[in-house]
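Undergrad: One structure coming up, written as structure tokens, with questions to follow.
What follows draws every value from the coordinates through simple rules; no lab data is involved. For clarity, every value in this text was computed on a predicted model and none was experimentally measured. Methodologically, a virtual Cβ is constructed for each residue, glycine included, from the backbone with ideal geometry; neighbour enumeration extends over all protein chains shown.
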Amino acid sequence: MDVDKYNKSFANQEYVKGRGEETEYYIITAKLGDRRYKLTLLRNHSIIEESYHEGLTAAKNSAFEWLISHDPLIFKLNKATMVHYKEDRPNGNVWVKDTNVELHRNLEAYLKVNNIELKNGTFKNVEVSQGQQTWIFQGNPSIFDINNYISNHKYIWWSLRQEYFADKIQINDNVFLWRSDGGKRGTGGIIAACRIVSLPLEKADDSDAQEYWYTDDWKNAYLAVKLEVLEVRIGAEFISRLSLLEHPILKELLILRLRQQTNYLLSKKHAIELQGLWESKNSFHDELRNQVSSDIEASINLEITDTEKERVIKSRIGQSVFKKALLTREKKCGLCGVSDEQFLVASHIKPWSQSSNQERLDVNNGLLLCPNHDALFDKGYISFGDDGGILISESLNEATKVFLNINEDMRINISESQRQYMNWHCDNVFKANYK
Ligand SMILES: [Zn+2]
């Protein structure tokens, strides 16, 4: 294909000239080579999406997927036109438009293959069926403390910025929360699974969320839906954007290509894949833990106490999976600020030996401390109250406290979910009194 010629023709909007009524959207395919197609989506003649595909069908399907998730009513008559650019046509006419009948026939095939039903069976009013739907809602951690907001609340509010979805959202729909990387490469991805528990409504002055905002945006009225948080994975077990880019099917997710939206509706195919991935990551984690645990038992051919075993666990799993998870939440010792990662210890609040399997990898059961403060915490010379204020054992005298760098004014940030573990530590590990 002569790219210059194509670009010029494209820029002159020759895809629309003399071809009847204009439509809001154009789906444009251009045949580049043997089976290679460039797909361009236009809205009011501005490019909103470009991608490359093997085969015309793949290009068309990608366009359908994008347009349906963008606006379920997109294929109303005369809202979208599909045009193909191909240089070697016998009559020299490089631009050929699909008729509406062809467009809808193609769409019908796409819906059928992807198991998406039409509500009324008519393309004049196309809607994706109203079964349980799956969404991705995105948030930006550089303007809002998403990690703590979702960790500390069972019910949360999320804004609906793509307001055309207001009629579409239903109670009980699944929502995956996506944390954008906020400028920190590798941290973007899916960090929680939720369920919709309210229809969209106008929220104003959201004081519950106020403390999590780094801006004044909580004051503004906005359209929002209420979510029940089902599972949070802000640690290493989250589904990273980078891993999705490698996934054979989920690499097609719209959020990977069009990154600035808040609300994305997934196709059924993508919903099923993502749900499966979320579940399997869970079992991957279990497997990893079991494997490390049995590795340790096999490699240490001695009867060891749980305490010793815990020390080994700490050095293996603790310093890889668990620490990585904690590091996404905090980057320094909660007490003194030591921030050199090689010296930070991922400490279990409720000791590993006493914890259930689930508690062993729960980031809320973790505290990142320097070796000095970790030793004090581990041995029960310090603990923390409900407000995060330090509790110091009476068995330490003033001089010792100075040398060990602790004082009564110290406090850590403690979330509600960490609190239950901390209460356990306080009751069972902390040596409050002189012994
Ligand atoms: Zn410290």
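Undergrad: ³J(HN,Hα) across region 394-411 via Karplus (A = 6.51, B = -1.76, C = 1.60, θ = phi - 60°), whole Hz, x for Gly/Pro?
TA: Here the 3J(HN,Hα) series is 5, 6, 9, 8, 4, 5, 4, 4, 5, 5, 8, 6, 9, 8, 5, 7, 6, 8 Hz.
Undergrad: Follow-up. Straight-line reach from Lys219: which aspartates and glutamates have a Cα under 13 Å away, not including same-chain ones fewer than 8 places off?
TA: Filter leaves Glu202, Asp205, Asp206, Asp208, Glu211.
Undergrad: Once phi is turned into θ = phi - 60°, what whole-Hz ³J(HN,Hα) does the Karplus curve with 6.51, -1.76 and 1.60 give for every residue of region 259-271, x standing for Gly and Pro?
TA: 8, 9, 7, 9, 10, 10, 9, 8, 5, 4, 4, 5, 4
Undergrad: Between their Cα atoms, which of Lys168/Lys269; Lys168/Lys203; Lys5/Lys251; Lys8/Lys86; Lys184/Lys331 are more than 22 Å away from each other? Mind showing how you got there, number by number?
TA: On the way: Lys168/Lys269 18 Å; Lys168/Lys203 19 Å; Lys5/Lys251 32 Å; Lys8/Lys86 14 Å; Lys184/Lys331 13 Å.
Violating the 22 Å limit, Cα to Cα: Lys5/Lys251.
Undergrad: When the Karplus curve 6.51 cos²θ - 1.76 cosθ + 1.60 is applied with θ = phi - 60°, which whole-Hz ³J(HN,Hα) does each residue of region 367-375 get, with x for Gly and Pro?
TA: 9, 9, 9, 6, x, 4, 6, 5, 4
Undergrad: With contacts defined as alpha carbon pairs under 8 Å and 6 or more residues apart, what's the relative contact order of region 322-400 in percent?
TA: That works out to 28 percent.
Undergrad: With a Förster radius of 35 Å, plug the Cβ-Cβ distance of Tyr222 and Lys97 into 1/(1 + (r/R0)^6) and report the FRET value to the nearest 0.05.
TA: Values: r = 40 Å, r/R0 = 1.15.
With a Förster radius of 35 Å, E is 0.30.
Undergrad: Sticking with this one: What FRET efficiency would be calculated for the residue pair Val3, Asp340, taking the C-beta separation as r and a Förster radius of 56 Å, to the nearest 0.05?
TA: Numbers: r = 52 Å, r/R0 = 0.92.
In this case the efficiency is close to 0.60.
Undergrad: Nearest 5 is fine: what % of DSSP beta bridges in region 134-279 come out antiparallel, could you say? Show your work: numbers first, answer last.
TA: Working: 25 of 31 bridges.
Expressed as a percentage, antiparallel bridges in region 134-279 total about 80.
Undergrad: Still on this model: Calculate the spin-label point distance for His247 paired with Lys112, positioning each point 7 Å from the Cα along the beta-carbon direction, and give it in nanometres.
TA: Here the modelled spin labels are 2.8 nm apart.
Undergrad: Each label point is 7 Å from the Cα along the Cα-to-Cβ direction; what then is the distance between the points at Leu256 and Thr400, in nm?
TA: Between Leu256 and Thr400, the label points sit 5.6 nm apart.
Undergrad: Where a Cα-Cα gap under 24 Å defines reach, which lysines qualify for Lys431, not counting those fewer than 8 residues away within the same chain?
TA: Cα-Cα hits under 24 Å: Lys309, Lys314, Lys350, Lys379, Lys401.
Undergrad: Out of the DSSP beta bridges found with both residues in region 3-125, what percent are antiparallel (nearest 5)? Mind dumping the intermediate values first?
TA: On the way: 18 of 24 bridges.
The antiparallel proportion sits near 75 percent.
Undergrad: According to a simple spin-label model (label point 7 Å from Cα along Cα-to-Cβ), what is the distance in nm between Asn44 and Lys331?
TA: 4.0 nm
Undergrad: Could the peptides 191-201, 96-106 be put in order, highest first, of the mean number of other beta-carbon atoms found within 10 Å of their residues? Kindly include the intermediate steps, with their values, before the conclusion.
TA: Details: 191-201: 18.5, 96-106: 14.8.
Going from most to least packed, we get 191-201, 96-106.
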